[in-house]
Amino acid sequence: MCFIFDLLICLQAAQCEDYSFEGYEQETEIYLRNKNITSLSADIKNCKKVKTLDLSCNKLATLPKEIGELKDLEVLTLSSNQFKEFPVELLSCSKLTKLFLDNNELTEVPSSIKELVNLENLNLNYNKFINFPVEIKQLSELQGLHLGHNALERIPAEIGELQQLVYLDLKNNQLRRLSLDFNNLVRLKFLNLSNNQLFQLPAELKGLKEIKHLHLNHNQFTKLSISIGNLKNLEELDLSNNYLEDLSFGTEEFETELEHLNLSYNKFEKLPTEIEKMTKLNHLFLFGNKELKFLPYSITNLFSENSNFLIFLSKNYLSAVGTQGETLGEKDLMEKYERFIIFDGPHY
């Protein structure tokens, strides 16, 4: 019995002991993922050569001030720990280019984050932020900003000044409006606004000349106009799980690189006529549009333009037969264009 008690005391002491970095002094990369570490020893300051430090999936809630002496540190991963306050000690690591603090319990980011002037990638997904500091605009080298799965009700307009930004992830927040000037985000290729409360988009969205992936699914849109003619590099557009009854892609002549268009789980009674111009479209997802009874006959142009084109029509209630030369029903599609259609079974 005494032996078991002594063992428990030893285990508890070991868990409370600061993790020593003795023996790591010459390492340029240190990986200590999932080591059950609760605190770090001050001797971390001796790891002067380290450029990459991975401390993810531990039980850290604080960092020692000595971590600020790692002047060559470029990549710091603190994902999946127990931080409730932003560890300001790392702000002295002036060469940081990548910082991962996702899957913690952070509620705010200090304005002093502006000191990380070389930061290129900042991942703060899965925390508890309600707002974000305007000083983010001073991180002029930032290329990737990940703020998904928080509780953001608004984002600072100053994010629109980050001209090097390529990847912006704002999914799963509480955003109702966007106050960004997208015209300055001239390099943005990926924008995820899914799972918010958005009901309208700013007109400046058409300024995203380089955008390739645009995710607007799981919002509150009922009517939407997207000038796809301006988004000439767009390859993927997800508008699924909204309340869309009306969708316009603009009336101007346009060329588009769009390959994947998801309009599933909306309230369409008819499809936007511009779809027939999307000659590079590979996948058109129309799951769960229960008000959609026919497809326009003009969509057959896409069958002849692209042999890889597929329409996904599961969980719909298409009528059996359309009007010749004008519309197509489910039976029409299956008899003449079966290789282009994926159903989960007939509904007529």
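Looking only at the range 138-170, which residues have a backbone nitrogen under 18 Å from a spot 7 Å from the Cα of S111 in the C-beta direction?
Correct set: 138-140, 155-159.
Rounded to the nearest Å, what's the spacing between the alpha carbon centres of the range 80-155 and the range 45-65? Just the number, please.
Here the two parts' Cα centres lie 17 Å apart.
Can you give the net charge of the other residues whose Cβ lies under 10 Å from the Cβ of G160, counting K and R as +1 and D and E as -1?
The answer is -3.
Can you tell me the orientation of helix 2-16 relative to the chain, as the angle in degrees between its alpha-carbon axis and the longest Cα principal axis, to the nearest 10?
On a 0 to 90 degree scale, this one is about 70.
So for the pair S248, Y297, with labels modelled 7 Å out along Cα→Cβ, what separation do we get in nm?
2.6 nm
Please state the shape class of the range 218-348: rounded when a/c is under 1.5, otherwise prolate if a/b exceeds b/c and oblate if not, all from the C-alpha gyration tensor.
oblate
Taking a ≥ b ≥ c as the square roots of the Cα gyration tensor eigenvalues, with a/c under 1.5 meaning rounded and otherwise prolate when a/b beats b/c, else oblate, which class fits the range 79-222?
Details: a/c = 2.00, a/b = 1.34, b/c = 1.49.
In terms of gyration-tensor shape, oblate.
Within a 10 angstrom radius of the beta carbon, how do M278, M334 rank from fewest other beta carbons to most?
So the ranking, lowest neighbour count to highest, is M334, M278.
In terms of Cα to Cα distance under 25 Å, which lysines are near enough to K171, apart from those fewer than 8 places away along the same chain?
Partners within reach: K84, K98, K114, K128, K137, K189, K206, K209, K212, K223, K232, K267.
Could you give the length gained on full extension between N183 and V88, defined as 0.36 nm per residue of separation minus the Cα-Cα distance, in nm?
Separation in residues times 0.36 nm, less the Cα-Cα distance, equals 30.9 nm.
Okay, helix-only estimate at 222 nm for the chain: each DSSP H run of n ≥ 4 adds -39500 (n - 2.57), divide by all residues, round to 500 deg cm²/dmol; what do you get? Don't skip to the answer; put the middle values down first.
Values: 3 runs with 28 residues, N = 348.
After summing the helix terms and dividing by residue count, I get -2500 deg cm²/dmol.
Taking 7 Å along the Cα-to-C-beta vector as the label spot, tell me the T323-K137 distance in nanometres, rounded to one decimal.
A separation of 5.4 nm, rounded to one decimal place.
Among residues other than K293 whose Cβ falls under 10 Å from its Cβ, what is the net charge (Lys/Arg +1, Asp/Glu -1)?
Details: positive: K270, K290; negative: E269, E291, E330.
Net of charged neighbours comes to -1.
Which value in nm describes the separation of the simple spin-label points at D72 and K95, placed 7 Å from the Cα toward the beta carbon?
Each label point lies 7 Å from its Cα, and together they span 0.6 nm.
If we count every other residue with Cβ under 12 angstrom of A42's Cβ, Lys/Arg +1 and Asp/Glu -1, where does the sum land?
Details: positive: K45, K65; negative: D18, E22, D43, E66, E69, E89.
So the surrounding residues net to -4.
Let's test the formula: R0 of 56 Å, r as the Cβ-Cβ distance of E305 and A61. What FRET efficiency results, to the nearest 0.05?
Details: r = 57 Å, r/R0 = 1.03.
For R0 = 56 Å, the calculated efficiency reads 0.45.
Read-outs throughout are calculated quantities, based only on the coordinates presented, and are distinct from any laboratory measurement. Keep in mind that this is a model prediction, so the values were computed, not measured. Because the Cβ atoms are built from the backbone with ideal geometry, glycine has one as well, and the counts that use them run over all protein chains shown.
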